[in-house]
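Remarks on the structure that follows.
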Amino acid sequence: MQYVITLPRESVDTDRFAHLLSSEDPSAVLDHAPYALSLRLSTCLSKHELQSLADEAGMAVDAQAITLLPSDCCGGCGG
């Protein structure tokens, strides 16, 4: 699943979040867009699990700040 997390402020510890995320889901991919104050990620974790990780990282995002993106699967691989 792909998500966008809108960050509450510029000075959040995204490195700590990235470390916690990779501990929970080693295959997760994370991209930080500092100019947009957001994180874009692909993970098997749920929205609730991401919110818990964000809280643990000190980011304090609420549920509305985590947006599940629509699938972009073309079906070409048969999966």
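The values are calculated or read from the model by the stated rules, or taken from the named source; none is laboratory data. What you see is a predicted model, and the numbers here were worked out from it, not measured in a lab. Heavy atoms of the whole protein, side chains included, go into the accessibility calculation; ligands, DNA and RNA do not. Shrake-Rupley method; radii C 1.70, N 1.55, O 1.52, S 1.80 Å.
Could you provide, to the nearest whole Å², the per residue accessible area of the chain with probe 1.4 Å?
Value returned for the chain: 62 Å² of accessible area per residue.
How many percent of the accessible area of the chain is carbon or sulfur, using a 1.4 Å probe?
51
Between the helical axis of 14-24 and the dominant principal axis of the chain, each derived from Cα atoms, what acute angle in degrees is found, rounded to the nearest 10?
50
Tell me what the chain gives for mean residue ellipticity at 222 nm when only DSSP H runs of n ≥ 4 count, each as -39,500 (n - 2.57), the sum divided by the residue total, rounded to 500 deg cm²/dmol.
-8000 deg cm²/dmol
With contacts defined as alpha carbon pairs under 8 Å and 6 or more residues apart, what's the relative contact order of the chain in percent?
Taking the mean separation of contacting Cα pairs over the length of the chain, I get 43 percent.
Among THR14, THR43, THR67, determine the one that fluctuates most according to a GNM of the chain built with springs between C-alpha atoms less than 10 Å apart.
Highest fluctuation of the listed residues: THR67.
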